[in-house]
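Peer 1: Take a look at this one; I'll ask things after.
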Number of protein chains: 2
Amino acid sequence: MGVDNRCVDRETCLSFDRQDPLASVRDEFVLPEGVLYLDGNSLGALPRQTLPRLTQVIGEEWGSGLIRSWNAAHWIEAPARIGDKIARLIGAQAGEVIVADSTSVNLFKLLAQALRVQPERHFILTEASNFPTDLYVAQGLIELLGGNHALRVVERAEIERSLDGSVAVLMLTHVDYGSGEIHDMRRLTAAAQKFGALVLWDLSHSAGAVPIDLNAAQVDLAVGCGYKYLNGGPGAPAYLFVAKGLQEAIHSPLSGWMGHAAPFAFEQEYRPALGITRQLAGSPPILSMLALEVAIDLWLGIDQLEARRKSMALGDLFIKLVDETCRDLGVEVASPREARLRGSQVSLRHTEGYRVMRALIDRGVVGDFRTPDILRFGFSALYTRYVDVFDAVRRLREVLTSRAWNRPEYANRLPVT
Amino acid sequence: MGVDNRCVDRETCLSFDRQDPLASVRDEFVLPEGVLYLDGNSLGALPRQTLPRLTQVIGEEWGSGLIRSWNAAHWIEAPARIGDKIARLIGAQAGEVIVADSTSVNLFKLLAQALRVQPERHFILTEASNFPTDLYVAQGLIELLGGNHALRVVERAEIERSLDGSVAVLMLTHVDYGSGEIHDMRRLTAAAQKFGALVLWDLSHSAGAVPIDLNAAQVDLAVGCGYKYLNGGPGAPAYLFVAKGLQEAIHSPLSGWMGHAAPFAFEQEYRPALGITRQLAGSPPILSMLALEVAIDLWLGIDQLEARRKSMALGDLFIKLVDETCRDLGVEVASPREARLRGSQVSLRHTEGYRVMRALIDRGVVGDFRTPDILRFGFSALYTRYVDVFDAVRRLREVLTSRAWNRPEYANRLPVT
């Protein structure tokens with residue numbers, strides 16, 4: 001099913017789908033008729049088991065079990081239990097990952113601890129194209145701490161040569177949200193650690209998109225979100241990772257009762273729990289959390305290398321079709337053309353990108369737009385078909401050739417774009 | 001339906017229920033057969049509309065609408081929209097409340113801002129019997145800030161005389177989680193403000209239990225949880241309040257993208273949004289948040305003074321029946337006997353309180369236990385019947401007279417107790 005130099009027609013794509021070893025996984029999702037959903041990088045699709053499970057959680061566990069379900073339905077164990085499952089997807093050990101809060105809040109927690117454990121080091125090093133909220137969180141923390149710390153923001157190409165003994169933590173997003181470009185996690189982690197820095201990876205655009213092996217890369221800290229490729233649902237709780245060897249050396253500044261060594265002893269003094277549990281703060285949103293678990297359970301049945309092979313093939317196919325059919329129509333590929341260098345998305349540039357995406361969405365091709373000119377198309381290996389890619393590019397071509405994007409209603413920005 | 005000096009029998013309780021103007025509200029909840037649920041102060045019961053609404057949210061808004069639902073289903077507006085609704089329940093204006101994160105995380109945010117806006121003041125003043133997580137959060141923040149700040153913990157009777165010009169913020173829980181005792185919000189707020197301190201109230205045990213008028217009391221800051229009397233579901237998102245006049249003077253140290261002035265501009269520098277929105281951090285858990293909204297909508301149809309009258313009457317009835325039938329059985333009332341001084345719970349003390357509660361739960365009377373010896377019984381005015389109170393006390397009497405609590409399996413502590 002490799003994409004080679006021959007022309008690819010719709011029949012060929014259908015034959016790719018027939019040979020796809022992951023084809024049947026699509027049946028595990030509920031997908032609307034008539035929509036080519038290429039935005040699983042922003043909000044993953046709904047697993048078929050989520051609604052039945054949430055019906056049980058709401059009706060039986062909450063409705064009938066009531067407060068007793070914290071024990072009887074094992075709600076209290078959910079953050080660690082689901083964390084252990086996510087650990088298996090990102091190359092971590094049991095007890096190294098826990099589900100909690102949002103990615104932003106988890107990032108705040110871990111950055112604060114990374115600075116505190118190395119008080120003589122003053123810098124958080126990151127890159128200019130990092131996901132903006134990661135920069136904002138670092139800025140907010142540094143302002144709160146007052147004076148002694150700074151955020152050093154460099155271009156991608158300057159990261160390694162910007163490392164020195166003043167860097168407390170190198171904070172990077174593994175897969176770039178705009179271009180989809182993948183960082184070399186192992187090399188950058190080793191490079192930073194050579195200078196004694198800790199390394200924190202944001203896996204939000206990686207988990208479920210590309211294989212990750214945190215332990216093999218000897219990563220110190222990581223955060224990630226549950227609602228993109230992992231399919232945990234809108235605003236699903238996030239997760240965080242702390243390498244075993246570091247866990248007892250740090251503790252969270254957001255020291256809420258769920259991270260206490262004895263949360264029901266109601267002691268007056270905070271004592272952090274052992275292990276990853278000390279990273280918890282307040283009570284977790286159980287409905288959203290158990291929806292995430294359904295999706296993670298689905299992921300645990302997937303051969304991740306097979307998923308990676310398919311997502312690379314889907315991206316290659318998309319690029320090939322855009323090259324063949326959208327030449328001279330104002331779009332250019334903004335992602336690495338070499339599949340191993342990009343995550344599970346392909347971005348295109350168009351000067352009227354916002355309007356083009358609005359027009360595409362109106363025609364049932366759902367991707368998203370990122371300012372200033374990026375059209376993003378995500379290829380979840382679990383439910384995207386080769387023929388979807390073919391049809392999406394055909395509709396893109398139609399929008400571009402007809403200039404359907406040039407309608408006045410597409411000029412108005414929606415709150416979320 | 002007042003509880004006076006006459007003996008109250010079961011028939012009388014049934015007649016109270018027949019005359020109860022809120023009796024029909026119970027039909028708005030799903031409650032299990034055979035359970036007397038007196039723990040709505042810890043996890044509120046399931047509103048009947050929650051499951052149909054979540055079925056729609058999951059199946060239609062997530063499943064079919066997918067990413068488009070952030071706009072089309074107004075997910076993006078949910079934190080502010082539900083905040084505005086909660087504002088009506090706690091005497092705040094529209095734009096003063098927003099739903100976000102957990103109570104612990106919100107407390108961290110607001111305490112940090114209260115300290116930062118008054119850099120010459122070094123103390124957070126609170127009381128020893130405050131809910132422990134509130135103390136932990138303050139401790140974690142102070143440790144993070146390093147050196148200049150301290151938590152001053154005093155006994156309840158010492159609060160007012162401990163106020164002085166060194167206090168940055170007075171942090172109190174309005175209704176005590178253990179005894180149910182209510183603080184005089186208006187008097188304490190004014191007393192602290194006379195010394196120039198800000199005042200932060202934790203409303204977790206108040207909202208839905210007692211009338212609150214934050215604006216009338218001229219409160220500066222508040223936090224509260226959605227899953228107790230408000231019935232938002234297990235671990236429902238929390239809310240926070242910042243008085244209008246203070247909103248632009250402070251900004252959150254947890255500066256995530258949802259609190260940015262232009263979250264989809266993807267700027268590199270954090271710029272706080274105007275108003276209460278700047279208190280948001282990361283993406284909210286939409287499933288849990290929209291379950292909370294169902295419960296808040298239900299609350300908006302309730303006459304809160306009527307609810308307060310009923311909850312006081314239920315508590316008075318409980319105390320009267322305990323006095324009459326459980327004398328010399330080892331329990332004593334640990335809450336204020338005067339209804340206007342307590343929230344919507346009555347606590348009892350028993351030296352074997354943990355085992356007594358386990359035995360009660362096994363007999364279908366669900367309250368909870370708080371260390372070292374407190375049995376808590378919560379009386380949600382929305383679904384608790386007078387006859388439930390009668391039957392619960394009868395079963396309590398049976399457990400105490402039979403010493404049914406003295407079975408070996410009740411000695412083992414459950415994770416959540």
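The values are calculated or read from the model by the stated rules, or taken from the named source; none is laboratory data. Here the structure is a predicted model, which means the values were calculated and not measured. Methodologically, a virtual Cβ is constructed for each residue, glycine included, from the backbone with ideal geometry; neighbour enumeration extends over all protein chains shown. Please note that ligands, DNA and RNA were not included when accessible areas were found on the heavy atoms of the full protein model with its side chains. Shrake-Rupley method; radii C 1.70, N 1.55, O 1.52, S 1.80 Å.
Peer 1: Quick one: which bits of region A:212-253 get at least 20 Å² less accessible when the partner protein chains are in, versus the chain alone, with a 1.4 Å probe?
Peer 2: Residues of region A:212-253 that lose at least 20 Å² of accessible area once the other chains are added: A:227, A:234, A:235, A:251, A:253.
Peer 1: Quick check on region A:354-417: take the gyration tensor over C-alpha atoms, sort the square-rooted eigenvalues as a ≥ b ≥ c, and tell me if it's rounded (a/c under 1.5), prolate or oblate.
Peer 2: oblate
Peer 1: To the nearest whole number, what is the average tally of beta carbon atoms from other chains within 10 Å of the beta carbons of peptide A:129-138?
Peer 2: Averaged over the peptide's residues, the number is 6.
Peer 1: Can you tell me the Rg and the Dmax, both Å, for the Cα atoms in chain B?
Peer 2: Looking at chain B, its Cα Rg and Dmax stand at 22.1, 71 Å.
Peer 1: What does the buried accessible surface come to for B and A, summed over both chains, with the probe at 1.4 Å? Round to 100 Å².
Peer 2: For chain B against chain A, roughly 7400 Å² becomes buried.
Peer 1: Looking at the protein assembly as shown, send over the antiparallel percent of its DSSP beta bridges, to the nearest 5.
Peer 2: That works out to approximately 55 percent antiparallel.
Peer 1: Something else now. Stokes-Einstein diffusion coefficient for region A:94-184 at 20 °C in a medium of 1.002 mPa s, Rh from the Kirkwood formula over Cα pairs: what value in µm²/s?
Peer 2: 155 µm²/s
Peer 1: What FRET efficiency would be calculated for the residue pair residue B:267, residue A:24, taking the C-beta separation as r and a Förster radius of 45 Å, to the nearest 0.05?
Peer 2: The pair residue B:267/residue A:24 has a calculated efficiency of 0.55.
Peer 1: Tally up the carbon and sulfur contribution to the accessible surface of region A:286-350 as a whole percent, 1.4 Å probe, everything protein left in place.
Peer 2: In region A:286-350, the share of accessible area belonging to carbon and sulfur is 47 percent.
Peer 1: Determine the sum of side-chain charges near residue A:404: Lys and Arg each +1, Asp and Glu each -1, restricted to other residues whose C-beta is under 14 angstrom from that of residue A:404.
Peer 2: +4
Peer 1: Another one. Averaged per residue, what accessible area in Å² does region A:26-161 show with a 1.4 Å probe, protein chains only?
Peer 2: Using a 1.4 Å probe on heavy atoms only, each residue of region A:26-161 averages 33 Å².
Peer 1: Report relative contact order for chain B in percent, whole number only (criteria: Cα-Cα under 8 Å, sequence separation at least 6).
Peer 2: Relative contact order here is 22 percent.
Peer 1: Taking the DSSP beta bridges in region B:40-192 as the whole, what percent of them are antiparallel, to the nearest 5?
Peer 2: The antiparallel fraction comes to roughly 10 percent.
Peer 1: Please say if region A:154-255 is rounded, prolate or oblate, where rounded means a/c under 1.5 for a ≥ b ≥ c the square roots of the C-alpha gyration tensor eigenvalues, and otherwise the choice is prolate for a/b larger than b/c and oblate otherwise?
Peer 2: It comes out oblate by the Cα gyration axes.
Peer 1: Another question, then. Counting only protein heavy atoms, probe 1.4 Å: which residues of region B:285-305 lose 40 Å² or more of accessible surface in the full assembly compared with their chain by itself?
Peer 2: B:285, B:287, B:288
Peer 1: Same structure again: Compactness ratio of region B:7-58: Cα Rg over 2.2 N^0.38 Å, N = residue count?
Peer 2: Region B:7-58 yields a ratio of 1.48.
Peer 1: Based on the alpha-carbon gyration tensor of region B:156-197 and its eigenvalue square roots a ≥ b ≥ c, which shape applies: rounded if a/c is under 1.5, prolate if not and a/b is larger than b/c, or oblate?
Peer 2: Here region B:156-197 falls in the prolate category.
Peer 1: Another question, if that's okay. Shielding of A:26-37 by partners, i.e. mean partner chain Cβ atoms within 10 Å per residue?
Peer 2: Mean inter-chain Cβ contacts per residue within 10 Å come to 2.
Peer 1: If you don't mind, there's one more thing I want to ask. For a quick check of your reading of the filter: which GluC sites (Glu not before Pro) in region A:1-60 sit in a DSSP loop and have no more than 10 other Cβ atoms within 10 Å?
Peer 2: Counting only loop positions with at most 10 other Cβ atoms within 10 Å, the GluC sites (Glu not before Pro) in region A:1-60 are A:33.
Peer 1: Note the angle between two axes, namely the Cα long axis of helix B:386-402 and the longest principal axis of the Cα atoms of chain B, as a number of degrees from 0 to 90, rounded to the nearest 10.
Peer 2: Value to nearest ten degrees: 60.
Peer 1: Ignoring ligands, DNA and RNA, please state the percent of accessible area on region B:1-139 from carbon and sulfur, probe 1.4 Å.
Peer 2: Reported share for carbon and sulfur atoms: 52 percent.
Peer 1: Given label points at 7 Å from Cα along Cα→Cβ, what nm distances, shortest first, separate residue A:154 from the same residue in every other copy?
Peer 2: Residue A:154 label point versus its equivalents elsewhere: 5.2 nm.
Peer 1: What are the semi-axes of the equivalent ellipsoid of region B:19-151, taken as the square roots of 5 times the eigenvalues of the Cα gyration tensor, listed largest first and rounded to whole Å?
Peer 2: Equivalent-ellipsoid dimensions as semi-axes: 36, 24, 15 Å.
Peer 1: Continuing with this model, one more query. What average number of partner chain Cβ atoms lie no more than 10 Å from the Cβ of the residues making up B:49-58?
Peer 2: Taking the mean over all residues of the peptide, I get 4.
Peer 1: Excluding ligands, DNA and RNA, what is the solvent-accessible area per residue of region A:227-355 at a probe of 1.4 Å, expressed in Å²?
Peer 2: 32 Å²
Peer 1: Further question: Within a Cβ distance under 11 Å of residue B:370, other residues only, what is the Lys/Arg minus Asp/Glu net charge?
Peer 2: Value of the local net charge: -1.
Peer 1: Right, another one. Taking the Cβ of residue B:37 as the center, what net charge do the other residues with Cβ under 14 Å away carry, scoring Lys and Arg +1 and Asp and Glu -1?
Peer 2: +2
Peer 1: Restricting to DSSP H runs of at least four residues, report the calculated mean residue ellipticity at 222 nm for the protein assembly as shown, -39500 (n - 2.57) per run over all residues, nearest 500 deg cm²/dmol.
Peer 2: Only helices count here, giving -10000 deg cm²/dmol.
Peer 1: To check you understand DSSP bridge types, tell me what percent of the beta bridges within region B:169-324 (both residues inside) are antiparallel, rounded to 5.
Peer 2: If we restrict to bridges inside region B:169-324, about 45 percent are antiparallel.
Peer 1: Then there is this: Report relative contact order for region A:143-267 in percent, whole number only (criteria: Cα-Cα under 8 Å, sequence separation at least 6).
Peer 2: With pairs under 8 Å counted, the relative contact order is 17 percent.
Peer 1: So, in the protein assembly as shown, how many Lys pairs have Cα atoms under 20 Å apart, if the pair is 8 or more places apart or on different chains?
Peer 2: 13
Peer 1: What translational diffusion coefficient, in µm²/s and rounded to a whole number, does the Stokes-Einstein relation yield for the protein assembly as shown at 37 °C and a viscosity of 0.692 mPa s, taking the hydrodynamic radius as the Kirkwood radius over Cα pairs?
Peer 2: Estimated via Stokes-Einstein, D reaches 118 µm²/s.
Peer 1: In nm to one decimal, list the spacings between the residue A:274 label point and its equivalents in the other copies, with label points set 7 Å along Cα to Cβ, shortest first.
Peer 2: Counterpart label points of residue A:274 in the remaining copies fall at 5.4 nm.
Peer 1: Label position 7 Å from Cα toward Cβ: report the copy-to-copy distances for residue B:195 in nm, one decimal, ordered from shortest.
Peer 2: 4.7
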